Amino acid sequence: MHHFGTFLLAVNVVIINIAAFVFSLEKAMLSLAMYYIVAKMINDGCNHGKTVITEKSDEIGERIIKELNMSITYLFGIKKSYIVS
């Protein structure tokens, strides 16, 4: 699972290449950029950080930054979560 993000990126590159012909090159390039960022976050999160899922992301995030002097990346989805690195 070390390079799971890279695997997902490779799969999506194939899909995005097909989509470039169906839709437009501009939309395909934007999608490719987004998937590159997601793949990087997955790889870095799995290798260097910890994922925390909580309803109190603001409180916990502030304490991690102040008390542990660490950086965090907020991810907002169904529940608020973030990657601590």
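The values are calculated or read from the model by the stated rules, or taken from the named source; none is laboratory data. A quick note: this is a predicted structure, and the numbers were derived from the prediction, not measured. No Cβ is skipped: glycine too gets one built from the backbone with ideal geometry, and neighbour counts run over all protein chains shown. We work out accessible area using only protein heavy atoms, side chains counted, and drop any ligands, DNA or RNA first. Shrake-Rupley method; radii C 1.70, N 1.55, O 1.52, S 1.80 Å.
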Answer yes or no as to whether residue 31 is without any contact (Cβ under 8 Å) to a residue 24 or more places away in the chain and touching a helix residue (DSSP H, G or I) at 6+ places or on another chain (Cβ under 6 Å). yes
Any chance residue 17 is open to solvent by 60 Å² or more (accessible area, probe 1.4 Å) and at pLDDT 80 or above: yes
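Give the residue, chosen from 35, 82, that is at pLDDT below 85, under 25 Å from residue 6 (Cβ atoms) and assigned to a helix (DSSP H, G or I).
Every option except 35 fails the conditions.
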